[in-house]
Amino acid sequence: MDVTLARTFLAVVETGSFVEAAKRVFVTQSTVSMRIKALEEQLGKTLFERSKAGATLTPAGAQFHKHALAMVRVWEQARLEVALPPGYRAAFTVGGQYSLWDGFLLEWLARMRSKAPDIAFRTQAGFSNVLMQRLVDGTLDIGVMYTPQSRPGFEVEMLFEEELVLVSSETRPPSKPGKDYIYMDWGPEFQADHSLNFPNLSTPGLYMELGSLSLKYLLENQASGYFPKRLVAPHLEAGRLKLITRSPAFHYPAYVVYSSSGDLHLLDLGLKIMRKVAAEHAAV
């Protein structure tokens, strides 16, 4: 099947409208309609319910959605690997949860590039379920996450235990999250523990998704928030941040997941460096 049809299908899903999807993929509305019709004819199923309000997925469309996502990811991975830049012999794709990129995977990446300068690296970020699906699809070589799934043909190895602690830059830090609290989205695991421990804080005043930006905000403004202890340790030691010991800390083991049929040379090198960086963080 033409990957263009899958892209157009995903554009309609994301926008909820044939008109908006046309703008997204830079074609006319009639072209979008023809592509969706061609896709429905190939699959033998109606994928969208059309109405004045827009387009919604049918049960068959919802079932096809995950396959369309996988098709586009595989195509993008193939395109990148085939079109290697001059001077590179192979591509290696690593994915990690957002919090694990800050201070850990970025450090690993820098060391890998130094040790393997002829490898083109691709990076992705997402939560555990998304990363596991990409590993299964074959669009990831290595995934680093908190809650891996056991799948045939994949190895799972614990790297270190992540500890999220509440820290504050306020002159008089509160004993629990207050009005200047930053809610960082560290993933489903953190969301569940946070809701359990702070049920009355369902709508925080400041919500952020990028750890590096929220830490910068915290250091430059009077605020508090949960962060990986390995990231804030230097600031705690320097006195720029204070640890709120009266609030709970959350612990999440971090794992690396990889296919046992991958490029053994690159996997061995990547895992060796990853274990070393993990050991250094654990020591700190």
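Annotations for the structure displayed:
- A search for C-beta distances below 6 Å between a residue of segment 190-216 that is of a type in the set (Gly, Ala, Ser) and any residue that is modelled with pLDDT of 80 or more and not in a loop (DSSP other than H, G, I, E, B), counting only pairs 6+ apart in sequence or on different chains, returns 211/99; 211/102; 212/102; 214/182; 214/184; 214/208.
- Entirely in segment 1-106, the strands (runs of 3 or more DSSP E) that have 1 or more residues that are over 30 Å from residue 186 (Cα atoms) and among the basic types (Lys, Arg): 48-51
- Per-region count, segment 102-128, residues over 20 Å from residue 232 (Cβ atoms) and either small (Gly, Ala, Ser) or not assigned by TED's automatic domain parsing to the domain that holds residue 148 (or both): 7
- Being more than 30 Å from residue 272 (Cα to Cα), assigned by TED's automatic domain parsing to the domain that holds residue 154 and modelled with pLDDT of 95 or more is not true of residue 201.
- Hits in segment 148-176 - residues which are in contact (Cβ under 8 Å) with a residue 60 or more places away in the chain, within 23 Å of residue 188 (Cβ to Cβ) and assigned to a loop (DSSP other than H, G, I, E, B): 148, 176
The values are calculated or read from the model by the stated rules, or taken from the named source; none is laboratory data. From a predicted model like this one, the values you see are computed outputs, not experimental measurements. When we count neighbours, we look across all protein chains shown, and the Cβ atoms used for this are built from the backbone with ideal geometry, even at glycine.
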